[in-house]
């Protein structure tokens, strides 16, 4: 060390380390708070729950598209079921095609039951829960996914009588 | 050497952590010699605004009280919390108030963040005011720092502008009525043009108000304008001005301080020795070109120490102190949020933020003089100080020239007596309109307690100028008077003005409606 | 040489530690110790105690500690009451302490929380997440504290416009008293009905609290209390009031207070408004709205209630097919609502279009 370089004051004293440590700890906790805040605690917007009419309005073999809600409603002999129209790849809205559904964005194709037939979609189109409101109308609960094949069973008049 | 490229690749991969660290930190370790410390300072983007060495006087807490740093620190806090609030705030009259409520009730720590934003805004305003007073009373505006004084003044005005524009955003009663008043102050030249009967041809007041509000009422357009000013225009202006302010400190030779005795003994516990060990590469050469009368090249540093780490310690300490003060205030005191703005029912009293209450008291005499002319005179007077007081001496020392402390005390007592006397008189006896109900508005505009106060202060300052034969002392007299007058009026309007702007000893005596 | 940075190191240590302490305290206070979180933890233990059958276990399994809210855009409301009132629709919770208890009565059966929320009836601050902020009690800077007890009936009047509503006896009594017993409408005005010499009552129920002079009120400084004491003795509350002292019973005063409280500017959208059963008019026949309808010449082309021309569709049919919003827009500016039609616009302002919508809906 040069004659001109005086001996150093010890900076690594306990006080230095303690104050630097607490400084960075405080900054760290503050940063955690900063990154916590933009994550919404509660999602805005209403529950996605749509009334679609009475069961009688869906004759066997019919299908209906709810445009705004992005849901397809099908009625077959076993009952009524709802399939989400939101592609499981990247969220575009699928359209009806000859063999089921086709996604216009990246070419995913699905069967009428939602199974992936081709393209990049990683999983089938979800089936949505259907229940019945107090006034007798059917309600699609678009936030609740149900197992594929879960249908809302429409009781025949005879069953109601019984 | 068929496999050397592969080996080189793997070697480089192994060294990646170290080479990345070197590329990023340059030095890559805690500096151990002064040479490394100097490099740590000027090789770092954020630190190179510092000079490599700093005078011991500059580090003395009692010279600056860290006020400029505290103001900067609160601006940093405000920027961070402000961006966070922007994530949830919705600038529309329909949604603004609701989004404030959501920030309070559902956003994780949202209420706390808003409190911090509010409190550090107060801290910033206080720090900026006190910083200005510090610079004045230590005569630090003198040559070559005249221009930086002006930048500082611009920073003061920008800071107040930021506070004012932020006031409207919650869209509650407090906000709505404070901005209604504020925008009508902008409209107040009409008081004069109406009195002269020329508003039809020349209407600067209406123009200013319309520019501010984008409409002839406080509504959606005003909210968006205030929002844009608050989150973009003014912060940008402030950032640029702060940058220039800091840069000028460097270029003007650091903080103002008295001359070190030439070659004399180190008076601040420093020592005499060359700045750096002689080296072939002399990187500090250009760094030391400053405007001061004496550069420190090739001369003993005497009373200076390395900026890294000494100045950094001071900066971190003041920064964290500011953070801590804001946090503690925010923890215990919630920022106010009143009812949703209702244009049909005015707040009574509708008070501006506290730092404008002194002006609001003046406005209660005459909107034009109190809201525009007197503040303009004050700003103009402040701007002229370094150009009228050009005799060197006393830089960097509190009350540095003979007689300053005495004049400051005398002015303090004078301003105290005159302001309290004027307020007492006005409250007890009223003013011109109470005596002559039909008096022309022009009389009120030019002769009111506010303008008389200014005249008293100016007269006192002229008397000091004449009697003590010193421009600096006259400036001290005037500055002290304005400071005391402003503080007293602010206190008075905060505590003693109640509904209908009437006098009350305490807010607890306000009538229940 | 003395180290000039030494005091700053001490200051840094102290302020950093203070910052740390207060940051952690604030994070705890807002993220872990908030009232609603404490309550939800208590509710979970109640759920655990009641998880004796499969349904109970399922409910417990799907219970998470989180903010809950009902968002109802048509009503402009976000109600977070269910964050603490957790058992509101769980019939098993009729025996637990508030705020967890089941909603009383069978009102929720017809007023589902998803469609109505809470504050449209109870008032208070729905966005709040603490007892105090929700304005269970009068709260500074919040204009609509919750309605309590019998006064709650006032909210029924927002949607149930018919004159008689058996479930809201006081409201019905108030409506009857207003016109028949005390003939308030000879002097006071509601909407377009009544005299003009006395203060208008159209939105008296939502008049800002600052607009009331509480200096003579003996009880709580609330709207119901002001109104009640005023009905009992007008001059005691408004000393220079010209209103004759009606000398009413407590019940009558409460009934009229309920009626006043039902007159708010917080009017739900038309879809929510319940028209009285067939045959009971809304009392709009023969009013200004009817005159407006006739005056605007709608019947020149439209069929309505058995009268009018045949150039345009039957209005009664339209009413059954379209919603109130469509009708409103149609009255404001008909052409965009019926593409290709050559119907001529009628220059109606918002309130007139509103009136017409109400009228057409009521007569149908």
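The values are calculated or read from the model by the stated rules, or taken from the named source; none is laboratory data. In this text, all values refer to a predicted model and were calculated from it rather than measured experimentally. FYI the Cβ positions are ideal-geometry reconstructions off the backbone, even for glycines, and counts take in every protein chain you see.
For region B:101-122, what are the residues that are more than 10 Å from every other protein chain (Cβ to nearest Cβ) and over 15 Å from residue B:80 (Cα atoms)? Give the derivation first.
Residues of region B:101-122 that are more than 10 Å from every other protein chain (Cβ to nearest Cβ), as a first pass: B:114, B:117-122.
Answer for region B:101-122, where residues must be more than 10 Å from every other protein chain (Cβ to nearest Cβ) and over 15 Å from residue B:80 (Cα atoms): just B:122.
Residue B:151 versus (1) over 23 Å from residue B:326 (Cβ atoms); (2) within 14 Å of chain C (Cβ to nearest Cβ); (3) in a helix (DSSP H, G or I): which is the lone unmet condition?
With (1) over 23 Å from residue B:326 (Cβ atoms); (2) within 14 Å of chain C (Cβ to nearest Cβ); (3) in a helix (DSSP H, G or I) applied to residue B:151, the lone miss is (2).
Restricting to region B:133-148, name every residue that is more than 21 Å from residue B:481 (Cβ to Cβ) and assigned to a loop (DSSP other than H, G, I, E, B).
Result: B:143, B:144, B:145.
Output the residues belonging to region C:206-259 that are under 25 Å from residue C:180 (Cβ atoms), touching a residue at least 60 places away in the same chain (Cβ under 8 Å) and either within 14 Å of chain B (Cβ to nearest Cβ) or assigned to a helix (DSSP H, G or I) (or both).
C:224, C:251, C:252, C:254, C:255, C:256, C:257, C:258, C:259
It is to be established whether one or more residues within region B:93-114 are under 27 Å from residue B:206 (Cβ atoms) and in contact (Cβ under 8 Å) with a residue 12 or more places away in the chain.
yes
Exactly one of (1) surrounded by fewer than 18 Cβ atoms within 10 Å (Cβ to Cβ); (2) away from every other protein chain (no Cβ under 14 Å); (3) modelled with pLDDT of 90 or more is unmet by residue C:132. Its number?
(2)
Find the residue count for region C:27-41, including only residues that are without any contact (Cβ under 8 Å) to a residue 12 or more places away in the chain and part of a helix (DSSP H, G or I). Break it down stepwise before answering.
Looking only at region C:27-41, we keep the residues that are without any contact (Cβ under 8 Å) to a residue 12 or more places away in the chain, and these are C:27-33, C:38.
Applying the additional criterion that residues be part of a helix (DSSP H, G or I) yields C:27-31, C:38.
Looking only at that region, the number is 6.
What do you reckon, is residue C:24 at the interface with another protein chain (Cβ under 10 Å from one of its Cβ atoms) and assigned to a helix (DSSP H, G or I)?
Yes; evaluated as a whole, the condition is true for this residue.
Criterion first (surrounded by fewer than 16 Cβ atoms within 10 Å (Cβ to Cβ), at pLDDT 90 or above, under 25 Å from residue C:130 (Cβ atoms) and more than 12 Å from chain A (Cβ to nearest Cβ)) does residue C:38 satisfy it?
So residue C:38 passes the test.
Go through region B:67-77 and give me each residue that's within 12 Å of another protein chain (Cβ to nearest Cβ) and either touching a strand residue (DSSP E or B) at 6+ places or on another chain (Cβ under 9 Å) or crowded, with 18+ Cβ neighbours inside 10 Å (or both).
Selection gives B:69, B:70, B:73, B:77.
Condition first: loosely packed, with under 12 Cβ neighbours inside 10 Å, within 14 Å of chain A (Cβ to nearest Cβ) and not in a loop (DSSP other than H, G, I, E, B). Now tell me which residues in region C:66-109 satisfy that.
C:73, C:109
I'd like to check which helices (runs of 4 or more DSSP H) are fully inside region B:171-213 and have at least 1 residues that are closer than 22 Å to residue B:93 by Cβ.
The qualifying helices (runs of 4 or more DSSP H) are B:173-186, B:204-213.
How do the strands (runs of 3 or more DSSP E) wholly within region A:1-106 filter down when requiring 3 or more residues that are touching a strand residue (DSSP E or B) at 6+ places or on another chain (Cβ under 8 Å), crowded, with 18+ Cβ neighbours inside 10 Å and modelled with pLDDT of 85 or more: which remain?
Ranges flagged: A:71-76, A:79-84, A:100-102.
In region C:51-65, how many residues are in a loop (DSSP other than H, G, I, E, B), within 14 Å of chain A (Cβ to nearest Cβ) and surrounded by fewer than 12 Cβ atoms within 10 Å (Cβ to Cβ)?
2
Mind checking which residues of region B:78-95 are within 14 Å of chain C (Cβ to nearest Cβ), touching a helix residue (DSSP H, G or I) at 6+ places or on another chain (Cβ under 8 Å) and surrounded by fewer than 23 Cβ atoms within 10 Å (Cβ to Cβ)?
Of everything in region B:78-95, those that are within 14 Å of chain C (Cβ to nearest Cβ), touching a helix residue (DSSP H, G or I) at 6+ places or on another chain (Cβ under 8 Å) and surrounded by fewer than 23 Cβ atoms within 10 Å (Cβ to Cβ) turn out to be B:80, B:88, B:90, B:92, B:93.
If residue C:287 meets every condition in (1) surrounded by 15 or more Cβ atoms within 10 Å (Cβ to Cβ); (2) at pLDDT 70 or above; (3) farther than 30 Å from residue C:235 by Cα apart from one, which number is that one?
The failed condition is (2).
Any residue in region C:166-173 that is over 30 Å from residue C:106 (Cα atoms) and surrounded by fewer than 19 Cβ atoms within 10 Å (Cβ to Cβ)?
no
Conditions first: (1) within 14 Å of chain C (Cβ to nearest Cβ); (2) touching a residue at least 12 places away in the same chain (Cβ under 8 Å). Residue A:44 passes all but one, so which condition is the exception?
(2)
Look through B:362, B:357 and report the one residue that is within 24 Å of the chain's Cα centre (by Cα), in contact (Cβ under 8 Å) with a residue 40 or more places away in the chain and crowded, with 23+ Cβ neighbours inside 10 Å.
Checking each option against the conditions leaves just B:362.
Considering region C:189-205 alone, what residues qualify as being in contact (Cβ under 8 Å) with a residue 60 or more places away in the chain and part of a loop (DSSP other than H, G, I, E, B)?
C:192, C:201, C:202, C:203 - these are the residues of region C:189-205 that are in contact (Cβ under 8 Å) with a residue 60 or more places away in the chain and part of a loop (DSSP other than H, G, I, E, B).
Answer yes or no: is there a residue in region B:139-149 that is surrounded by 23 or more Cβ atoms within 10 Å (Cβ to Cβ), within 23 Å of the chain's Cα centre (by Cα) and more than 30 Å from residue B:403 (Cα to Cα).
No, because not a single residue in region B:139-149 is surrounded by 23 or more Cβ atoms within 10 Å (Cβ to Cβ), within 23 Å of the chain's Cα centre (by Cα) and more than 30 Å from residue B:403 (Cα to Cα).
Give region B:14-38 a look and list any residue that's more than 16 Å from residue B:312 (Cβ to Cβ), part of a helix (DSSP H, G or I) and free of Cβ contacts under 8 Å to residues at least 40 places away in the same chain, or say none.
Passing the criteria: B:14, B:15, B:16, B:17, B:18, B:19, B:20, B:21, B:22, B:23, B:24.
Since residue B:352 meets every condition but one in (1) in a helix (DSSP H, G or I); (2) more than 14 Å from every other protein chain (Cβ to nearest Cβ), which condition does it not meet?
It fails just one condition, (1).
I'd like to know if region B:469-480 contains one or more residues that are assigned to a helix (DSSP H, G or I), without any contact (Cβ under 8 Å) to a residue 24 or more places away in the chain, out of contact with any strand residue (DSSP E or B) (no Cβ under 6 Å at 6 or more places or on another chain) and surrounded by fewer than 15 Cβ atoms within 10 Å (Cβ to Cβ).
So far as region B:469-480 goes, no, none of its residues is assigned to a helix (DSSP H, G or I), without any contact (Cβ under 8 Å) to a residue 24 or more places away in the chain, out of contact with any strand residue (DSSP E or B) (no Cβ under 6 Å at 6 or more places or on another chain) and surrounded by fewer than 15 Cβ atoms within 10 Å (Cβ to Cβ).
From the list C:272, C:178, which residue is more than 28 Å from residue B:346 (Cα to Cα) and within 20 Å of the chain's Cα centre (by Cα)?
C:272
Residues of region C:1-16 being surrounded by fewer than 19 Cβ atoms within 10 Å (Cβ to Cβ), at the interface with chain A (Cβ under 8 Å from one of its Cβ atoms) and modelled with pLDDT of 90 or more, which ones?
Residue satisfying the conditions is C:10 alone.
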